[in-house]
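Colleague: Below is a structure I'd like to ask you about.
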């Protein structure tokens, strides 16, 4: 626990440090932006002074410097107007805009919104107004913080996904290790049970009792085999899906309450698919147990197998409480459960077995609140 807390503290320190760094970068960018804005304001004030000098020039006025100042501006868009907004001259504005009076007026309105005008009083009581926009450099700097934030967000998402993937991989290894250890632990008492079963056979104990105990021991062996294979790539074999499904169905029917009415329907022929029998049995068991839980141990349960030209479809229907439509997808997510007890792994494991290992599909075919649910598994037929 202490180790976990230290990891959490380190993680939060890294997050806080990242936030501080981001804040400093954005603050510095803002400061640079303001510095450039102020510098451009000073340039425009110099431009206004140069314009005033030229307007008041006579034969003795030195005009070389004012001309240099005015001609030096190659980046900042300018519109010079009278006090009645009549445009006198423009600079660094596209020809397309200059040649269209409506667009030029619209552009003037844009400049008015960007910066306060510089008033040029070239003679007492007579004014010109210098409106200017932001240079291309300033415009680029405007988008720099946004681009930076997006880069940071994308980087954060990538780091988070990497962390989640690593975490899930670690959890999967842990679950696989626990499953294999569980299989190992079950193996010892299971071997003893097999030994006692042989003694019971030798002592001529009632054959029916021995047969039922043998079924349960075989079931335990199947479960042990399932757990031992978790984390390993399953081996697929060509099997008759009807036979494999019915064997699991018959076993479960014999072990549940008579208050559940079981029915099984399938074509009277062999349908071959590539499957892992142990994992397929686990899939059917999970769906049947979920159906019985939904009916609270009382109701009708039907397992049917159908086929078309390409697919084999296994449907498990119950007369239980039903599933809301907004949960049709979420019920297959790890941890999702409506039960007071349980880890919500049954259907997520079923989905993984069907879709990842057998390349099939599983879905809620239909469900109605208070009337029941039909789950459907689809497998490709063996060609």
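Colleague: Have a look at 186, 146, 151 and point out the one that is surrounded by 10 or more Cβ atoms within 10 Å (Cβ to Cβ), at pLDDT 75 or above and in a helix (DSSP H, G or I).
Modeller: 151
Colleague: Could you pull out the residue among 87, 42 that is surrounded by fewer than 12 Cβ atoms within 10 Å (Cβ to Cβ), at negative phi and within 56 Å of the chain's Cα centre (by Cα)?
Modeller: On inspection, the qualifying residue turns out to be 42.
Colleague: For the range 307-330, which residues satisfy the criterion of being touching a residue at least 24 places away in the same chain (Cβ under 8 Å) and outside any loop (DSSP other than H, G, I, E, B)?
Modeller: 307, 311, 312, 313, 314, 315, 316, 317, 318, 325
Colleague: I'd like to know if the range 294-301 contains one or more residues that are modelled with pLDDT of 90 or more, under 15 Å from residue 377 (Cβ atoms) and in contact with a strand residue (DSSP E or B) (Cβ under 6 Å, 6 or more places away or on another chain).
Modeller: Within the range 294-301, not a single residue is modelled with pLDDT of 90 or more, under 15 Å from residue 377 (Cβ atoms) and in contact with a strand residue (DSSP E or B) (Cβ under 6 Å, 6 or more places away or on another chain).
Colleague: Also, quick follow-up: Go through the residues of the range 39-58 one by one and say whether even a single one is at pLDDT below 80 and within 19 Å of residue 141 (Cα to Cα).
Modeller: So far as the range 39-58 goes, no, none of its residues is at pLDDT below 80 and within 19 Å of residue 141 (Cα to Cα).
Colleague: Okay, moving on. Between a residue in the range 253-271 that is modelled with pLDDT under 90 and any residue that is surrounded by 12 or more Cβ atoms within 10 Å (Cβ to Cβ) and assigned to a strand (DSSP E or B), which pairs come within a Cβ distance under 9 Å, given they are 6 or more apart or on different chains?
Modeller: Listed pairs, sorted by first residue: 256/262; 256/301.
Colleague: Related question: Tell me, which residue of the range 120-131 that is under 16 Å from residue 89 (Cα atoms) and touching a helix residue (DSSP H, G or I) at 6+ places or on another chain (Cβ under 8 Å) is surrounded by the fewest Cβ atoms within 10 Å (Cβ to Cβ)?
Modeller: That would be 122.
Colleague: I've got another one for you. Across the range 249-297, which residue is surrounded by the most Cβ atoms within 10 Å (Cβ to Cβ) among those that are assigned to a strand (DSSP E or B) and in contact with a helix residue (DSSP H, G or I) (Cβ under 8 Å, 6 or more places away or on another chain)?
Modeller: Of the range 249-297, the ones assigned to a strand (DSSP E or B) are 260-265, 272-275.
This time we only want the ones that are in contact with a helix residue (DSSP H, G or I) (Cβ under 8 Å, 6 or more places away or on another chain), so: 260, 262, 264, 272-273, 275.
On the way: 260: 19, 262: 17, 264: 15, 272: 14, 273: 21, 275: 25.
Here the residue is 275.
The values are calculated or read from the model by the stated rules, or taken from the named source; none is laboratory data. Keep in mind that what you see is a predicted model, and the values were worked out from it rather than measured. Reconstructed Cβ throughout: ideal geometry from the backbone, glycine too, with neighbour counts over all protein chains shown.
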